[in-house]
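Below is one structure; the comments refer to it alone.
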Amino acid sequence: MISPRAVSIENVSHRYGKRQALDQVSLAIDPGEIFVFLGPNGGGKSTLFRLLSTLMSLQQGEISILGHGVRSHKQQVRQQLGVVFQMPSLDKKLTVLENIYQQAALYGVTGQTLHDRTELLLSKLELADRRHDIVEDLSGGLRRRVELAKGMLHSPKVLLLDEPSTGLDPAARQAMWRYLEFLRSDQGVTVVLTSHLLEEAEKADRIAILDQGKLVALDTPDALKESIGGDTITIRTRQPQGLIERLQTELNLAATEVSEFVRLETEDGPGTIRAIMQVASDQVDAITLAKPSLEDVFIHMTGRQFTEEVKP
Amino acid sequence: MTSEAMPHPSPVAAAMSLCRREIVRFLRQRNRIIGAIGQPIIFWLLFGTGLSGVFKASGQGGGDESFTVYFFPGTLLLIVLFTAIFATISIIEDRNEGFLQSVLVSPIPRWSMVLGKVLGGTILAVGQAMLFLLLSFFVGITLSVGQFLAIFAILVVAAVGLTSLGFWLAWRMDSTQGFHAVMNLLLMPMWLLSGAFFPIPANDAITSTGQWVLSWVMTLNPVTYALGAIRRIMHAETAPSFLGGEATGDYWLPGVGLGVTITVLFAVVMFALACQAAKKTRRGDWI
């Protein structure tokens, strides 16, 4: 028997009224992967999260989690999934422990298992001495850890997290990633998260870039960066269009304007910079050379900067 | 298969846990306790003493008994209604604060979620009503253990019905403001027109179209029947005048059998409607 994919998404489209939030997205996630859905706000990742978490019903296409279709086997899917929402899902009037017991009742975790899981999670997430604190009194970082404990309580095989870094300071973010990596290596949990942070996506095994509802790229972070190859040159100038024309006519270089910067990809970074400075130094305010980043991948795929708002 | 190894939740245990959560939350919000107990008592004292003169003058009370006594069963139901309303408003808070999301993606069936909410609301509502019922001894209403238990049972069923109604209404709402409108337009009139405040005109005594409409609305109001049953039980051994002047033929009051039957039916139907509504995915499920 072939072990099923952790997550399989086939031709999924979704609309909110007239707006197409997801457009024919297909991909598969293997068991034990740490997988990031990366995209700007409005890219479609939240919609995909809602569909994967079974919060929202599928309109078109198929999604299955560990071989169970979300349409036909909602119950099994819900059983297998751990879900951590971006918006807090804790009851603020209850203590940490009461929140965990509430979650336990929803997933049927009882008796010795409940006791063991609670102790393990509380110590692993360094919450043991806060167990009797009312959630209202906890900091954002601590609350996020309780959310994680809640999501992992029933030992799900697939953990789904929506923008888990939101509101976390860098130290807390690192701690969270250490925990996610531990889950994967120690228990073989498939970790699927959404993020709009490029540096976060670097830590994933594979990334899917979603833009305007479409899957624009799907690979490991390194492969994505290599795919655009060479170096990236970014020039700050007062007249981007003038410079672009000049580079085209005088150096035969294809450059594009991205958020008022002139940007081009090249095999030989240093050589190209020398050439540009020889012919157009008067127009260059600043020039930088960099190895491609995920941001460059995104620009390469979409022609826009990652943080740029999509105009409807 | 991995799915067999996963624990399965018991819908009843999940409902009990959600129900306990309602009670713990209630006890941790002192202003809710004060509001829920204080308001009906103030209502009862103000209206009871304020209107007793009018009540006596119109001869509805019969003898010397005051409006405070007539108004007592109505106040009991008012407490149940208010608490049921506050308990179900919490579904809107659960939604807006995010707690509901984790319930919605959990493997428990939706009826289990509704049961938790309704049971929690019912326990809070009836608990407070029973505290108030103890006051009856101070206003000269004497109840036997049997009467006490019968009233308790009717209040429980009425609370299940009203909490389910509240759930059904609140499920589709995104703001508590919206619920306040519903409360003023539907829930308060349901209480006012239940015979809690003034008796239901009997068919033979109707003299105007207004009275005719009023009588019909009051007859169709399910709360009328819970109130009728409680009023009859409460005053079974005391002056019949408290049955709302029924003796004179001017007013109508449902019998205990009819009252209990309609109250039970109302609870069953509302609970089913609430479960049905909760099954549907709606926009506010995600934030």
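What the table below lists for this structure:
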| read-out | value |
| --- | --- |
| Some residue of the stretch A:236-247 being outside the structural domain of A:G44 (by TED's automatic domain parsing), assigned to a strand (DSSP E or B) and surrounded by fewer than 17 Cβ atoms within 10 Å (Cβ to Cβ) | yes |
| Flag if A:L38 is within 30 Å of A:L224 (Cα to Cα), touching a residue at least 24 places away in the same chain (Cβ under 8 Å) and either at the interface with chain B (Cβ under 10 Å from one of its Cβ atoms) or buried (at least 23 other Cβ atoms within 10 Å of the Cβ) (or both) | yes |
| Subset of the stretch B:268-285 (residues that are of a type in the set (A, V, I, L, M) and closer than 20 Å to A:L58 by Cα) | B:A277, B:A278 |
| Some residue of the stretch A:151-170 being surrounded by 20 or more Cβ atoms within 10 Å (Cβ to Cβ) and in a helix (DSSP H, G or I) | yes |
| Checklist (1) of a type in the set (K, R); (2) free of Cβ contacts under 8 Å to residues at least 12 places away in the same chain; (3) in contact with a strand residue (DSSP E or B) (Cβ under 6 Å, 6 or more places away or on another chain) applied to A:R50, failing item | (3) |
| Enumeration of residues in the stretch A:23-32 that are surrounded by 20 or more Cβ atoms within 10 Å (Cβ to Cβ) and farther than 17 Å from A:M301 by Cα | A:I29 |
| Filter result for A:L253 (in contact with a helix residue (DSSP H, G or I) (Cβ under 7 Å, 6 or more places away or on another chain), touching a residue at least 12 places away in the same chain (Cβ under 8 Å), surrounded by 13 or more Cβ atoms within 10 Å (Cβ to Cβ) and more than 30 Å from A:E33 (Cα to Cα)) | yes |
| Where A:K203 falls short, out of the listed (1) among the basic types (K, R); (2) over 21 Å from A:K150 (Cβ atoms); (3) exposed (fewer than 15 other Cβ atoms within 10 Å of the Cβ) | (3) |
| Which listed residue, of A:N41, A:N11, is under 15 Å from the mean Cα position of the chain (by Cα) and more than 24 Å from A:Y107 (Cα to Cα) | A:N41 |
| Positions within the stretch A:60-89 being assigned to a loop (DSSP other than H, G, I, E, B) and at the interface with another protein chain (Cβ under 7 Å from one of its Cβ atoms), in sequence order | A:L66, A:F85, A:M87, A:P88, A:S89 |
| Any chance A:I209 is part of a strand (DSSP E or B), touching a Lys or Arg at 6+ places or on another chain (Cβ under 8 Å) and either among the hydrophobic types (A, V, I, L, M, F, W, C) or at pLDDT 90 or above (or both) | no |
| Complete set of residues in the stretch A:254-286 that are over 21 Å from A:K225 (Cα atoms) and outside any helix (DSSP H, G or I) | A:E260, A:V284, A:D285, A:A286 |
| Residues satisfying the stated conditions in the stretch A:92-102, i.e. at pLDDT below 95 and within 28 Å of the chain's Cα centre (by Cα) | A:K92 |
| Members of the stretch A:94-113 that are at the interface with chain B (Cβ under 9 Å from one of its Cβ atoms) and over 23 Å from B:R110 (Cβ atoms) | A:T113 |
| Scope the stretch A:58-85; condition out of contact with any helix residue (DSSP H, G or I) (no Cβ under 8 Å at 6 or more places or on another chain) and over 21 Å from A:R5 (Cβ atoms); matching residues | A:Q59 |
| Sole exception among (1) more than 25 Å from B:T142 (Cβ to Cβ); (2) modelled with pLDDT under 80 for B:W212, by number | (2) |
| Hits in the stretch A:7-36 (condition: in a loop (DSSP other than H, G, I, E, B) and either among the acidic types (D, E) or not assigned by TED's automatic domain parsing to the domain that holds A:A208 (or both)) | A:D30, A:E33 |
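The values are calculated or read from the model by the stated rules, or taken from the named source; none is laboratory data. If you're wondering where the values come from, they're calculated on a predicted model, not measured in any experiment. Using ideal geometry, Cβ is built from the backbone for each residue, glycine included, and neighbour counts are taken over all protein chains shown.
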